[in-house]
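To start, the structure itself, in structure tokens.
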Amino acid sequence: MERTFSTSRTDSWWVETLVSASVFVLAIIYSIVRALEGKFFQWGPYLSPLYPFPIETAWISPAMFTMWVPAGFRITCYFCRRVYYRSVFADPPACMVREPKRNYKGESAFPYILLNLHRYFLFFAILFVPIHWFHAIKSFIWEGSFGMGLGSILILADSVFLTLYVLSCHSFRHLSGGRIDNYSQNNARYKIWKFVSSLNKNHGFFFWVSLISVIVADLYIRLLSSGTINEIRIF
Amino acid sequence: MKNGEVTFLVFRGEREKGIFKEYKIPYQEGMVVLDGILYIQSKLDGDMAVRWNCKAAKCGSCAAEINGKPSLMCKTKVKDLEQPIKVEPMRAYPHIKDLVSDTSWNMKTRRNMIQKIGFSPKKDANWRMKDQDIEKGREFRACIECGLCLDTCHVLREHKLFEKFIGPAYLTFAAYLETHPMDSANRLKWLKEEGGIMYCNITKCCTEACPEEIHITDNAIIPLKERVADEFFDPIRMIARKIFGGKS
Ligand code: SF4
Ligand code: SF4
Ligand code: FES
């Protein structure tokens, strides 16, 4: 019972911890590298979802202007908190597994208490959703007519997953109607809350797929834009 | 099951000190862990301490750690487990003897809550409630107070913050009170300052453990945290409240 990571569990508890730590850390490194790189965000009708505003500056990577929104939204997201507390901070590494000794304060003290600002990031994230859809639609317009490439599908998929991720947010669930107790007198709010709650059940899943889809779409556009690969045009 | 036999490793001892003792017992179709333990108690080791009551997953008495997972002994099928089956008392609590832990903290916590932040009906409460109104509460009411979520919660188990944190089961109870449409009390300050809700880092082990399948973290704790944030961690809302008054 004494050592860090000791447990009576007989299953491979570390698999989930390790896999989520790897995906999470890789996603962060990739985004930082891309933000610093500051180019190859555009190709044909495609604009990378990592870079939804085509602002031109010479002195700072344009991605820096907007990246704080998805980054802040994710870092403060309740599900994401679970991911990094468990797999990055081993706090706990997995249920019923001993953790390193520490002076535990949970989210009751600085800096974690700031995570309560999640609702503000949610506000900006909601503003971003229509912008992503705008670029998703644009990715189907090739020199004025309707067309579709692999990139269009990747960008569309990313918009769908991002929308589901944002709509299933716990803070959104609270705002949509979770704050209310007497639903029989607020039927409309009750219905919205039920709908958001049904999405909220899969919030963790939407977190992962939207994280992966944004990277896949960006990577694809980066490879096109740098001339490494050729577009797979469907029609 | 080798030759119709099951191997159990049961923690035997007092006040945290003890050893795992091995028992080989005959397997029976449909056997649950509690059957094995009761067999050992009646046939092999009469002085083994174990707490149980309903054998129907409804009283919560037979909570233990089985192969390192918080489980009800009467609900855990032997055929689903890896052998040898390791059975230990709930380790987060002070140990008494063999499989029995001292869970009196649970009663103390609930009693304290009832005194300090108990149900307080609205003056004009209309007790004819609609289905929608009891929806949230119904889930929270399913709690059988087995203590498994408290046993697995690292705030209690690892960090021993029993004095500062009421734990998932009682946050669920608080959510029941707080979301009750006929209730008028505001417990948010108490939850933040006495109940220690901010100690929870929403890592969801409680949810994984709950035999009643209550979504403790998603449906009780996070909504409460959001309400606490409304009141204490949302500067815009706080200013709006100052200007416009009331419960904005
Ligand atoms: S989610 Fe919170 S209450 Fe539940 S086990 Fe984790 S820290 Fe404890
Ligand atoms: S919430 Fe679930 S695990 Fe916790 S005491 Fe109640 S029934 Fe047991
Ligand atoms: S809780 Fe995950 S995005 Fe809000």
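Structure above, values below:
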| item | result |
| --- | --- |
| Shielding of B:146-155 by partner chains, average beta-carbon count, 10 Å | 2 |
| Surface accessible to a 1.4 Å probe, per residue, for the residues of the protein assembly as shown, Å² | 48 Å² |
| HN-Hα J in Hz across region B:77-87 - Karplus 6.51, -1.76, 1.60, θ = phi - 60°, x for Gly and Pro | 6, 4, 5, 8, 10, 6, 9, x, 8, 8, 10 |
| Isolated Cys in chain B, by beta carbon distance under 4.7 Å | B:Cys62, B:Cys74, B:Cys143, B:Cys146, B:Cys153, B:Cys200, B:Cys210 |
| Net lengthening on full extension, A:Lys39/A:Trp14 (0.36 nm per residue, minus Cα-Cα) | 5.3 nm |
| Rg over Rh, two decimals, region A:1-121 (C-alpha only, Kirkwood Rh) | 1.09 |
| 20 Å Cα-Cα reach of B:Lys75 towards lysines, excluding residues that sit fewer than 8 places from it in its own chain | B:Lys55, B:Lys58, B:Lys86 |
| Exercise: per-residue mean of other protein chain Cβ atoms within 10 Å, A:24-36 | 0 |
| Fully extended contour minus Cα-Cα distance, from A:Tyr120 to A:Ile137, at 0.36 nm per residue | 3.4 nm |
| Mean ellipticity per residue at 222 nm, deg cm²/dmol - from DSSP H runs of n ≥ 4 across chain B, formula -39500 (n - 2.57) | -9500 deg cm²/dmol |
| Burial ranking of peptide ranges B:126-132, A:217-223 (average Cβ count within 10 Å, highest at the top) | A:217-223, B:126-132 |
| Out-of-range pairs (alpha-carbon distance over 21 Å; input B:Lys136/B:Lys160; B:Lys43/B:Lys97; A:Lys105/A:Lys201) | B:Lys136/B:Lys160; A:Lys105/A:Lys201 |
| Vicinal HN-Hα couplings computed from phi for region B:180-187 (Karplus, 6.51 cos²θ - 1.76 cosθ + 1.60; Hz; Gly/Pro x) | 5, x, 9, 9, 10, 6, 10, 9 |
| Karplus 3J(HN,Hα) series, Hz, for region B:103-112 with 6.51 cos²θ - 1.76 cosθ + 1.60 (x for Gly, Pro) | 9, 5, 4, 4, 5, 4, 5, 5, 4, 4 |
| Alpha-carbon gyration tensor eigenvalues x 5, square-rooted, for region B:2-101, Å | 19, 15, 12 |
| Spin-label pair B:Arg241/A:Ser198, simplified geometry with 7 Å Cα→Cβ offset, distance in nm | 3.4 nm |
| Cα-Cα separations in chain A greater than 23 Å, expressed as whole percent | 57 percent |
| Lysines with Cα under 29 Å of A:Lys39, excluding same-chain neighbours fewer than 8 positions away | A:Lys138 |
| At R0 = 51 Å, FRET efficiency that the Cβ-Cβ distance of B:Lys116 and A:Arg233 yields, to 0.05 | 0.15 |
| Global size of the protein assembly as shown as Cα Rg and Dmax, reported in angstrom | 26.0, 85 |
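The values are calculated or read from the model by the stated rules, or taken from the named source; none is laboratory data. For clarity, every value in this text was computed on a predicted model and none was experimentally measured. So basically every Cβ, Gly included, is an ideal-geometry build from the backbone, and we count neighbours across all protein chains shown. With ligands, DNA and RNA removed, areas are computed over all heavy atoms of the protein, side chains included. Shrake-Rupley method; radii C 1.70, N 1.55, O 1.52, S 1.80 Å.
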